[in-house]
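The values are calculated or read from the model by the stated rules, or taken from the named source; none is laboratory data. All values reported here derive from a predicted model rather than from experimental measurement. Methodologically, a virtual Cβ is constructed for each residue, glycine included, from the backbone with ideal geometry; neighbour enumeration extends over all protein chains shown.
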């Protein structure tokens, strides 16, 4: 297709693969030509279709009435009548716009296009093919709706649709399948691609495209017939017949085409259910266990990267002080030291002896208070340096605090008309009548006079007045008047991580409300007049007013058009894969209108920063944030705007980071990110200092238990099993450390559930319980809800916190020792004396979110002179990652980027959060008297990845499959899980279940367990499914849940699990009657238990020695 000289194309040099102009955001000349030609075409009658397509009148009549009917071209094509079909590419908004047309004349065998067959996506190097689409019937019977046909012509596409009504059919112009379409196939459960009329090389390209985008399934190619074709030089050549399937269906009918497809089908790729090893092929069960037990392997290397580390905290502290002194002579310095080294204390000591204005910013208000208390205690009596703690707004400092809280609750800055700040340049004053006596504004003036100022991160990012020091006024000796000195920029010391890049996420309601309110006020000339007068004062003129009215009329129309364009993405399914927005159409009009707004009226509130909103006083008024509009303009200009899951995502540089890099200072962080290190190190006047010390008395164990414990395990039917496993591990930690001495970092969903189950009857001084209950309510899991009752009933936990604590032997102190990712992994020392610790689950976000973050960071890095390659979101599972400084490797099933820089970015960001969390146990300050072991239930994630372990100690990999009984039990329970996971489309027959079980777990067809047990289970499950009107899949899941919940304990629940398990299997009849009663359901459970009994107590046959 690409580069095939025998193709009939108006662009013999393949120029239609790219736009012909320099601006990729505008339609190309060829696209415009195709559009005009399609619009000029007329309706094609059935007789005309029958003549040109050489088909029966009945088929032609059906085509003429169908949604995919061709049109009659207004021009002759090489002297012949031509039918044309539209080929489309996806544009901003999710709609498919015409990009090219396909022409077909009588007896034509090759492709013939006019227009652009590909369209640029992210860059000129990444193109997407134009498509002609026929959607399948979603209610069609059989497996056809899981199939995708790719053809080389619309005629073959219509033939494939006739043969398989349920399949989606696409006639493609090139093998560059759009990435969004491949993701759609994945989400829709498409697991087979069949190509018709495409060459071997084209199909290989398609396969590579699909697999790089994360699609997993079978690829089949129908052999291409060759046909004589007259080239442009007049010679006859062999070329692929692009409409051969259409010819067959016209002559032999649908049955003939189906037979042709079956006969000439070649399997290009088929997912293997079993990985083959070297030498003989092992059975699936053995392979599965081997892969499981060999996830982490030693490499035989010895790490040497830590030979220079400090052996004790005192030596490290001396080097930390030396590094801080050197940092005073640099523009920017990064100080990387592990949690607990005392870096905050050290930097406060350095500030006392410095002679320039400084500012220390901390992550939270509480940490700012602690730092202020420390420095005031440390300062000598004769020290002439002034120190002040910035006090945020509160009921005691702000008379309009309720309005401030209104703004904060709406995720907007607490400014604008909520506060009058008339001393700021180029701003429109607010209307607060308390401004003259405002304690907060008076505090800001005092803040500006202090040589050392301590404030939280949020204040430094938003209050520009805090970034400068203003000396005390001095009296002029001659005039006797007081004069203010010139302000001096402070050096900024940032304690803990501050992001180099952030993003704004707005949903459709945000945008609708903001734009509709703003359009409402911009439609009022009297309101604009008052605003212009207030801004210009004596310089107001009618001419300037008219200039504003004209400019804002254009801006209002641009906003309306932008909202209309964005509303096309209301369906989240359209943007499950991030869609990058290009500056074209309504988006470009908005940017142009915004940039032409007059300076007299910027719609800014009482500040100089774009992050602050406008709050109007009318009844119909709402908060109008300027932040996202200014950020949207910059984001569109820098290609940092996406639509993802229906939301508008706008990337921008972090406010605090920008201030820090502009003014200079120090960044203290135990797990400084990859981007921060790269930017600081890239400057000639800056440096990064690392102060590493061995953590001898902190040990880490990563539990490889065959599960990932990811966020997917917290959904639907998987939740009870995950919670049960978590409680079992939690109780083991409590047994190891003692009540109130075992701390844990877990997913927020689990944290909220444990809080509600065990603590909701306790006092709630910090509103932690209230927040957990609100979070559960958003997911319909709050106490009393149906999901809540089902969960507790499944787990066997009473719906009373006191009884639940008694039953599970969990105390109030135990429950308060749990924290969750995203909140409790930074900025506290509560667990510094805990005797045991564990982390449950990896704080790993969907790969699409990392794709957006990487793209934003890539733009920000380029601003500082660092180039990163593009990453289109492609991932690979099963990557082997070196860990522990190269001493070990781990094969991870987590989806990691295929681009090395993007993979490093993801590993570094995830492991930085994990390292910060583990730092809460303060390993550097542990001694032989209070050591601590941290257990990581994180599946096979490479926590200790080389270059991204953030100075964590070596990790020891352990597995809980310690005995033969545990191995067999795990294997047999997995059999039940496989039965529960059967596709509902599989035939409800014994062979289907038996085959799935045997393929996955090695029960051979002749095995005395496989056939007999599968038949017994299938019959009973079918009976239960019919009785309760369920599918086989749902009925099998119910059986598995009942057996696991009522009969079999979790293998890690308590030390005596093995004996408990075996005793119940031996007396399985009695236990089954006790828990399951009688009837078909109990019979099915008995069959499963029989299988487990024989699998556990029957010795495995010995393996014959080689040879």
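How many residues are in a loop (DSSP other than H, G, I, E, B) and either touching a helix residue (DSSP H, G or I) at 6+ places or on another chain (Cβ under 9 Å) or modelled with pLDDT of 85 or more (or both) when one looks only at the stretch 566-598?
Of the residues in that region, 12 qualify.
Please tell me if residue 914 is outside the structural domain of residue 675 (by TED's automatic domain parsing) and not in a loop (DSSP other than H, G, I, E, B). For residue 914, the condition - outside the structural domain of residue 675 (by TED's automatic domain parsing) and not in a loop (DSSP other than H, G, I, E, B) - is met.
Within the stretch 511-541, the set of residues being free of Cβ contacts under 8 Å to residues at least 60 places away in the same chain and closer than 28 Å to residue 565 by Cα comprises 512, 515, 516, 519, 522, 523, 524, 525, 527.
Touching a strand residue (DSSP E or B) at 6+ places or on another chain (Cβ under 9 Å) and more than 19 Å from residue 764 (Cβ to Cβ), is that true of residue 825? Considered against the rule, which asks whether it is touching a strand residue (DSSP E or B) at 6+ places or on another chain (Cβ under 9 Å) and more than 19 Å from residue 764 (Cβ to Cβ), residue 825 comes out as yes.
Would you call residue 571 closer than 18 Å to residue 650 by Cα and touching a residue at least 24 places away in the same chain (Cβ under 8 Å)?
It is false that residue 571 is closer than 18 Å to residue 650 by Cα and touching a residue at least 24 places away in the same chain (Cβ under 8 Å).
Here residue 324 passes the criteria (1) surrounded by 14 or more Cβ atoms within 10 Å (Cβ to Cβ); (2) over 30 Å from residue 893 (Cα atoms); (3) in contact with a strand residue (DSSP E or B) (Cβ under 9 Å, 6 or more places away or on another chain); (4) in the same structural domain as residue 458 (by TED's automatic domain parsing) except the one numbered (4). Scan the stretch 543-565 and tell me whether some residue there is in a loop (DSSP other than H, G, I, E, B) and not assigned by TED's automatic domain parsing to the domain that holds residue 367. The answer is no, given that none of the residues of the stretch 543-565 is in a loop (DSSP other than H, G, I, E, B) and not assigned by TED's automatic domain parsing to the domain that holds residue 367.
Hey, any hits in the stretch 396-413 for a residue that's loosely packed, with under 15 Cβ neighbours inside 10 Å, on the phi < 0 side of the Ramachandran plot and at pLDDT 75 or above? Within the stretch 396-413, one or more residues are loosely packed, with under 15 Cβ neighbours inside 10 Å, on the phi < 0 side of the Ramachandran plot and at pLDDT 75 or above. Of the residues 850, 844, the single one that is in a loop (DSSP other than H, G, I, E, B), touching a residue at least 40 places away in the same chain (Cβ under 8 Å) and within 21 Å of the chain's Cα centre (by Cα) is 844. Only residues that are crowded, with 19+ Cβ neighbours inside 10 Å and either under 17 Å from residue 347 (Cα atoms) or over 29 Å from the mean Cα position of the chain (by Cα) (or both) were counted in the stretch 689-716, giving 4.
Inspection of the stretch 482-490 identifies no residue that is part of a loop (DSSP other than H, G, I, E, B), under 30 Å from residue 641 (Cβ atoms), touching a residue at least 60 places away in the same chain (Cβ under 8 Å) and in contact with a strand residue (DSSP E or B) (Cβ under 7 Å, 6 or more places away or on another chain).
Within the stretch 433-481, restricting attention to residues that are within 42 Å of the chain's Cα centre (by Cα) and not in a helix (DSSP H, G or I), the residue that is modelled with the lowest pLDDT is 463. Of the residues contained in the stretch 249-257, none is found to be surrounded by 14 or more Cβ atoms within 10 Å (Cβ to Cβ) and at pLDDT below 80. Residue 825 meets the stated requirement of being within 22 Å of the chain's Cα centre (by Cα), outside any strand (DSSP E or B) and surrounded by 15 or more Cβ atoms within 10 Å (Cβ to Cβ). Within the stretch 862-877, the set of residues being out of contact with any strand residue (DSSP E or B) (no Cβ under 9 Å at 6 or more places or on another chain) and either assigned to a helix (DSSP H, G or I) or on the phi > 0 side of the Ramachandran plot (or both) comprises 862, 865. Among the conditions (1) at pLDDT 95 or above; (2) out of contact with any strand residue (DSSP E or B) (no Cβ under 8 Å at 6 or more places or on another chain), the only one that residue 170 does not satisfy is (2).
This table checks each residue for (1) more than 25 Å from residue 678 (Cα to Cα); (2) in contact with a helix residue (DSSP H, G or I) (Cβ under 7 Å, 6 or more places away or on another chain); (3) crowded, with 20+ Cβ neighbours inside 10 Å.
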position	(1), (2), (3)
855	no, no, yes
862	no, no, no
865	no, yes, no
874	no, yes, no
900	no, no, no
907	no, no, yes
915	no, no, yes
923	yes, no, yes
927	yes, no, no
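Please tell me if residue 518 is touching a strand residue (DSSP E or B) at 6+ places or on another chain (Cβ under 6 Å) and either at pLDDT below 85 or assigned to a helix (DSSP H, G or I) (or both). So that I can check it myself, show each step before the final result.
Details: touching a strand residue (DSSP E or B) at 6+ places or on another chain (Cβ under 6 Å): yes; either at pLDDT below 85 or assigned to a helix (DSSP H, G or I) (or both): yes.
Yes, satisfied.
Within the stretch 937-946, can you find the residues that are in contact with a helix residue (DSSP H, G or I) (Cβ under 7 Å, 6 or more places away or on another chain) and either in a loop (DSSP other than H, G, I, E, B) or under 24 Å from residue 724 (Cα atoms) (or both)? Passing the criteria: 937, 942, 943, 944, 946. In this structure, is residue 335 assigned to a helix (DSSP H, G or I) and surrounded by 17 or more Cβ atoms within 10 Å (Cβ to Cβ)? Criteria not met by residue 335. Evaluate the following for residue 162: is it surrounded by fewer than 24 Cβ atoms within 10 Å (Cβ to Cβ) and more than 35 Å from the chain's Cα centre (by Cα)? Judged against the criteria, residue 162 is a match. Taking the stretch 694-714 as the range and being in contact with a strand residue (DSSP E or B) (Cβ under 8 Å, 6 or more places away or on another chain) and modelled with pLDDT of 85 or more as the test, the residues that pass are 694, 697, 698, 699, 700, 701, 702, 703, 709.
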